[in-house]
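All of the numbers you see were taken from the coordinates with simple rules; none came from a lab. Treat the numbers as computed from the prediction; the structure is a model and nothing was measured. Here the Cβ is made from the backbone with ideal geometry for all residues, glycine too, and neighbour counts use every protein chain on show.
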Amino acid sequence: MNLITKITETASFIKSKSKIKPRVGIILGSGLGHFVQHMNVETRIPFNEIPHFIPPTVDGHSGHLILGSIDNVDLVVLQGRLHYYEGHSMEVVVFPTRAMAALGIEILIVTNSAGGYGDGMKAGDFMVIEDHINMMGTNPLMGPNIKELGPRFPDMTQAYDRELIETAERIFRSQKTFFHKGVYVGVTGPTYETPAEIRMFMQLGGKAVGMSTVPEVIAANHLGLRVAAISCITNLAAGITDNKLNHEEVTEVAKKVEQQFCSFLKLFVTKV
Ligand code: HPA
């Protein structure tokens with residue numbers, strides 16, 4: 001079955017379950033899934049019931065598609081995402097993004113957990129992503145271009161929409177929440193980085209590193225969506241301190257700042 005047929009089938013299935021007409025889509029990163037408790041949830045569908053969706057395999061990612069609203073803003077939310085390191089093809093990783101676009105979203109908000117190495121970063125800080133460096137060694141748009149989705153050579157000069165960045169900054173300031181702004185480096189994982197890799201990313205101008213987001217943001221730009229992305233800095237990256245890294249620490253820190261993060265996101269969706 002070709003990809004467009006699959007996307008159409010998925011979108012028709014989701015539309016048949018819901019009256020929500022989302023303009024905004026959100027992808028929730030590890031440990032940030034409780035945002036949906038702040039929504040008026042209309043429909044909640046496990047990934048494994050959605051045609052052509054694949055359930056995530058990582059702890060801390062529950063795998064539901066949620067339709068609902070906040071203050072009359074209709075939303076579609078992915079609670080849980082697919083990562084390249086799970087062994088999926090890039091086409092599979094970005095399928096949910098393309099399905100959300102087929103539901104009619106114009107804006108995609110991507111959230112993630114990331115290791116920080118920017119000046120003055122601490123675990124629990126937030127970073128508004130202003131650009132990325134793709135270190136995944138591949139690209140979800142490799143292969144024949146599907147022109148119904150977008151152009152062969154998409155522009156990435158404003159991959160992260162400038163107005164949305166300004167709105168995010170304004171909201172963080174209004175909430176008196178300290179935040180950073182910077183470049184996210186996307187890697188495949190599943191190993192955390194070596195200290196030498198982190199030193200290289202610093203020299204390249206990055207401030208945070210993570211194993212997601214870049215594929216979805218590329219696919220979203222291909223589709224012509226406006227994108228915003230926020231990292232929760234769950235740990236200082238490898239070699240910044242002598243501490244070893246582990247997934248439990250990452251999800252624990254994400255949980256600690258989740259309320260603050262939810263307050264931000266609640267306001268953000270009403271201002272975009
Ligand atoms: N590296 C890569 N991905 C991550 C990290 C990290 O330090 N923390 C959370 N996700």
Compute the distance in nm between two label points, each set 7 Å from the Cα along the Cα-to-Cβ direction, one at Arg173 and one at Glu249.
3.4
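Which length gain, in nm to one decimal place, applies between Lys181 and Arg23 when the Cα-Cα distance is subtracted from 0.36 nm times their residue separation? Numbers along the way, then the final one.
Details: separation 158, 0.36 × 158 = 56.88 nm, distance 2.52 nm.
Full-extension gain reported as 54.4 nm.
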For a footprinting-style exposure proxy, rank Phe261, Phe47, Phe153 by other Cβ within 10 Å, fewest first.
Phe153, Phe47, Phe261
Could you give the size of the charge dipole of the chain about its Cα centre, using +1 on the Cβ of each K and R and -1 on the Cβ of each D and E, expressed in debye and rounded to the nearest 20?
600
Give me the lysines in straight-line cross-link reach of Lys15: C-alpha distance below 27 Å, same-chain residues under 8 apart excluded.
Lys6, Lys147, Lys266, Lys271
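Can you tell me how much longer the chain between Thr194 and Val73 gets when fully stretched, taken as 0.36 nm per residue apart minus their C-alpha distance, in nm with one decimal? Don't jump to the answer; show the numbers that get you there.
Numbers: separation 121, 0.36 × 121 = 43.56 nm, distance 4.21 nm.
Extra length from Thr194 to Val73 when fully extended: 39.3 nm.
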Beyond 22 Å (Cα-Cα) in this structure, taken from Lys122/Lys256; Lys181/Lys244; Lys21/Lys256, we find Lys181/Lys244; Lys21/Lys256
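Given R₀ = 41 Å, FRET efficiency for Gln158-Val41 by Cβ-Cβ distance, to 0.05?
Working: r = 32 Å, r/R0 = 0.79.
Once rounded, the FRET efficiency stands at 0.80.
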Please give me, ordered by residue number, the trypsin sites (Lys or Arg not before Pro) of segment 1-58 that lie in loop per DSSP and have at most 10 other Cβ atoms within 10 Å.
Lys19
For a paramagnetic label modelled at 7 Å from the Cα of Glu166 toward its Cβ, which residues of segment 201-229 fall within the zone defined by backbone nitrogen distances under 16 Å?
227-228
Segment Glu148-Glu49, length gained on full extension (0.36 nm per residue, minus Cα span)
33.0 nm
Trypsin sites (Lys or Arg not before Pro) restricted to segment 125-212 and DSSP loop, no more than 13 other C-beta within 10 Å:
Lys147, Arg152, Lys176
Take Cys262, Cys232 and order them by how many other Cβ atoms sit within 10 Å, fewest up front.
Cys262, Cys232
In nm, give the distance between the simple-model label positions of Ser263 and Phe13, each being 7 Å from the Cα along the Cα-to-Cβ direction.
3.9
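Give a quick list of trypsin sites (Lys or Arg not before Pro) in segment 55-127 that DSSP marks as loop, anything other than H, G, I, E or B, with at most 14 other Cβ atoms within 10 Å.
Values: sites: Arg81, Arg98, Lys122; in loops: Arg81, Lys122.
Here the trypsin sites (Lys or Arg not before Pro) that fit, given the DSSP loop and packing criteria, are Lys122.
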Towards the positive end of the charge dipole of the chain, with charges on Cβ (+1 Lys, Arg; -1 Asp, Glu), say which of Val183, Gln259, His83 has the farthest Cα.
Gln259
On a 0 to 90 degree scale, rounded to 10, what angle separates helix 162-174 from the longest Cα axis of the chain?
60
